[in-house]
Amino acid sequence: MNDLTPNSLRAWPDARGRFGDYGGRFVAETLMPLILELEAAYRTAKADPAFQVELDYYLKHYVGRPSALWHAKRLSDDLGGAKIYFKREDLNHTGAHKINNCIGQILLAKRMGKTRIIAETGAGQHGVATATVCALFNLPCTIYMGAVDVERQKPNVFRMKLLGAEVVPVSSGAATLKDAMNDALRDWVANVHDTFYIIGTAAGPHPYPELVRDFQCIIGNEAREQLMEAEGRLPDVAIAAVGGGSNAIGLFHPFLDEPTVRLIGVEAAGKGMETHEHAASLNKGRPGVLHGNRTYLLQDEDGQILEAHSISAGLDYPGIGPEHSWLHDIKRVDYVGVTDDEALAAFQLCSRLEGIIPALESAHAIAHVVKLAPTLGQDKIILLNLSGRGDKDIFSVAKHLGTEI
Amino acid sequence: MSRIAGVFAALRQEGRGALIPFVEAYDPDRETSLLLLRGMAEKGADIIEIGMPFTDPMADGPTIQAAGRRGLLAGATLKGLLGLVHEFRRENRHTPLVLMGYLNPICSYGVKRFCEDAAHAGVDGLIIVDLPPEEADLVLPDAQAHGLDVIRLIAPTTSDTRLKQVLAGSSGFVYYVSITGITGTRTASAADLARDIPRIRAATDLPIAVGFGVRTPEQAATVVAHADAAIVASVLIETLCKENAEAVLRDVRALAEGVKAVHKAA
């Protein structure tokens, strides 16, 4: 990123791993040397053209990139406003954007000589992507997953096991993504010598937020190029769902320095922002320190972390990647909320109008487009990150709709 | 001289090591914690470590995780915990108290105000697990301004070069996490300690305490034969769960005897 201007919003983090006041490296001393080793390895890899060549090879031939940019004409017509484009990350191998990052991190793990992989997962998409690359690269793999998520994401649990991963259900706390991350960190502390932790979102201690973002930027870079080809211009709005925020930062980052592109992150408002059952850390939380970084968190007045709630397991997390916290503070990105019910409605609408069953995570972004598109003229363009496919969600959606499969 | 430095200086004169038992605040209630603090000081604890409950204790094993949950259920807050320290200090001015926990509750309380209130209540030192030297400027100035020792963790993964950085700004004692792992799981062997402790000793004059996995009087004795203090936590919480506070104090006495049996060169 040497060609960036001094005022570029794309030049972060700083040497301490900070995005403004957010980020950093808040981990136990046992892990600190590893984090530094990872950072050094990443710097070397990033500067090595051979690493990029290898990464590109797997992204093209294994993941199936570039992913399509789809003009969602029926949805656009139905909403009667802006022209809507989907960046089809659901078409990637394993069905979501998560694999972009997993390929990058496992290539790093290999360079570092690590022989065992661990990961946390919420919806199971990151777990499946990690198990997939571990099968491909022949490395043993342990996935930590909240016991509640194991229950609501059964197909993905089975997939991970088929791929040869060990899935460890975590029953501490609310038994969801936050708790899975705690146990993955505990495993890492106990197995520092041979283990690489593939974090699934753009959060955690530095350098994870940076490297996950870099591996996910392919989403925004491709979309930008594809849209220039299709429309000859940049979008007016780029929109993505945010849990930890990896698909969103991957879409947004290449547009950060384009002032004409409005960026919107959609948080899970669960049963409503006014209730206590949501996952809207930016809108309803305040800054604190968890899982190695300083960022916005859902917490009580004593600094104890609150449980998040969302119908979407992938958004069910009380924190958010630190770069989003900074982008929220400087108001470069607007962060809005979408409820469980709105996401469910958008899930069905997209399925019927476009023949695309979106992940519940992505359905949150679609739900906001449903509100926004009619307010914009037909000459406006919305770029939406369809971050994953919804096959994994059909059982829980059926349950919410009162249908038995 | 700080209360912690005073205790180690006196023990050096006596030619013995220190026992540092652990109490998770409010586990299972405030009264039990107060009883344990008072009882431990009587039964031979040289310093006491108090755990500050946190919802997400990422360096702790199942035992301390559960203790923290019980503490939170019993209504533990940092304010309540400092009140507990204050009450203990009314009767005991000599036993150093060290708080161990995670950064977020302290940030939420306000770092400056927390250091001020903690010092005022009679706290002597802080161990903040998720505050490595790289981020220490967040707490160090306020802690030092109020005479609180900032006790740093050193791990088997800490290199010699890094050791210097970790020790800069440390005071009171250093806490050697003797295994790579979480609390209450594995135990370092005598051979491990014989290899690791001299490496730290060469880098600092501060007393060295060893924790993580120290369970029996024999293990505590092995620890103080190499280092200066043994920290015992998870096993005491297990005893509290299975038996009661009296049984914990019985075990503290036995641990203290194990530590005292080791004579060290003054």
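The values are calculated or read from the model by the stated rules, or taken from the named source; none is laboratory data. This is a predicted model, so every value here is computed, not measured. So basically every Cβ, Gly included, is an ideal-geometry build from the backbone, and we count neighbours across all protein chains shown. Note: accessible area is taken over every heavy atom of the protein model, side chains too, but ligands, DNA and RNA are not part of it. Shrake-Rupley method; radii C 1.70, N 1.55, O 1.52, S 1.80 Å.
Computed quantities for the displayed model
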item	result
Fraction of the pair-distance distribution of the stretch B:68-199 above 18 Å, Cα-Cα pairs, percent	59
Ratio of Rg to Rh over the stretch B:126-266 (Cα coordinates, Kirkwood Rh, two decimals)	0.98
Calculated FRET efficiency for the pair residue B:10/residue B:146, C-beta based, R₀ 22 Å, to 0.05	0.40
Pairwise label distance in nanometres, residue A:37 with residue A:398, each label 7 Å out on the Cα-Cβ vector	4.6
FRET efficiency, residue A:351 to residue A:273 (Cβ-Cβ, R0 22 Å, nearest 0.05)	0.25
Shielding by partners, peptide A:182-190 (average Cβ within 10 angstrom, other chains)	5
Unsatisfied cross-links (Cα-Cα over 19 Å) in the set A:98/A:331; A:284/B:112; A:98/A:399; B:79/B:112; A:60/A:154; A:284/A:331	A:98/A:331; A:284/B:112; A:98/A:399; A:60/A:154
GNM result for chain A, Cα springs below 10 Å: residue of A:365, A:45, A:202 fluctuating most strongly	A:45
Spin-label model distance (nm) - residue A:44 vs residue A:286, 7 Å beyond Cα toward Cβ	4.4
In nm, spacing of pseudo-spin labels at residue A:151 and residue B:265 (7 Å Cα→C-beta vector)	6.2
Candidates A:278, A:328, A:253: whichever shows maximal mean-square fluctuation once chain A is modelled as a Gaussian network with Cα springs under 10 Å	A:328
The protein assembly as shown: translational diffusion in µm²/s, Stokes-Einstein, Kirkwood Rh over Cα pairs, 10 °C, 1.306 mPa s	61
Portion, in percent, of the accessible area of chain A that falls on carbon or sulfur, probe 1.4 Å	52
Reachable lysines, given that their alpha-carbon falls under 22 Å from the alpha-carbon of residue B:43 and they are not under 8 places away in the same chain	B:242, B:260, B:264
Evaluated at q = 0.18, 0.21, 0.25, 0.28 Å⁻¹: base-10 log I(q)/I(0), Debye formula over Cα of the stretch B:150-194	-0.59, -0.77, -0.97, -1.07
Long-range Cα-Cα pairs in the stretch B:3-260 (distance over 32 Å), rounded percent	12
Pairwise FRET efficiency - residue B:161 versus residue B:79, Cβ, R0 = 45 Å, nearest 0.05	0.65
Separation between Cα centres of the stretch A:89-140 and the stretch A:327-345, rounded to whole Å	27
Per-residue [θ]222 nm for chain A (sum of -39500 (n - 2.57) over DSSP H runs n ≥ 4, rounded to 500)	-12000 deg cm²/dmol
For chain A, built as a Gaussian network whose Cα springs stay under 10 Å, the top-fluctuating residue of A:179, A:56, A:316	A:56
Contact order relative to length of chain B, as percent, for alpha carbon pairs under 8 angstrom and 6 or more apart	24
Inter-chain shielding of B:46-58 (mean C-beta neighbours from other protein chains, 10 Å cut-off)	4
All-pairs Cα distance distribution in the stretch A:6-137, expressed in whole percent, bin size 10 Å	10, 28, 34, 20, 7, 1
The stretch B:201-266, relative contact order in percent, only Cα pairs under 8 angstrom and at least six apart counted	35
With eigenvalues of the C-alpha gyration tensor scaled by 5 and rooted, the stretch A:162-259, Å	34, 14, 13
Geometric extent, Cα atoms of the stretch A:295-360 - Rg, Dmax (angstrom)	15.0, 47
Proximal charge balance of residue A:116 [Cβ under 14 Å; K/R count +1, D/E count -1]	-1
log₁₀ of I(q)/I(0) at q = 0.11, 0.20, 0.23 Å⁻¹ - the stretch B:1-118, Debye sum with one point per alpha carbon	-0.37, -1.14, -1.36
In Hz, Karplus ³J(HN,Hα) per residue of the stretch A:135-141 (6.51, -1.76, 1.60; θ = phi - 60°; x = Gly, Pro)	5, 4, 9, 6, 10, x, 9
Cβ crowding within 10 Å averaged over residues, with A:123-129, A:347-353 ranked highest first	A:123-129, A:347-353
Solvent exposure of the protein assembly as shown as accessible area per residue, Å², 1.4 Å probe	35
Label zone at residue A:110 (point 7 Å along Cα-to-Cβ), backbone N below 19 Å, the stretch A:206-221	A:212, A:215-216
Cα gyration tensor, the stretch A:249-405 - rounded (a/c under 1.5), prolate or oblate	oblate
The stretch A:1-76: Cα Rg divided by the 2.2 N^0.38 Å rule of thumb	1.59
Number of partner chain Cβ atoms within 10 Å, mean per residue of A:285-294	4
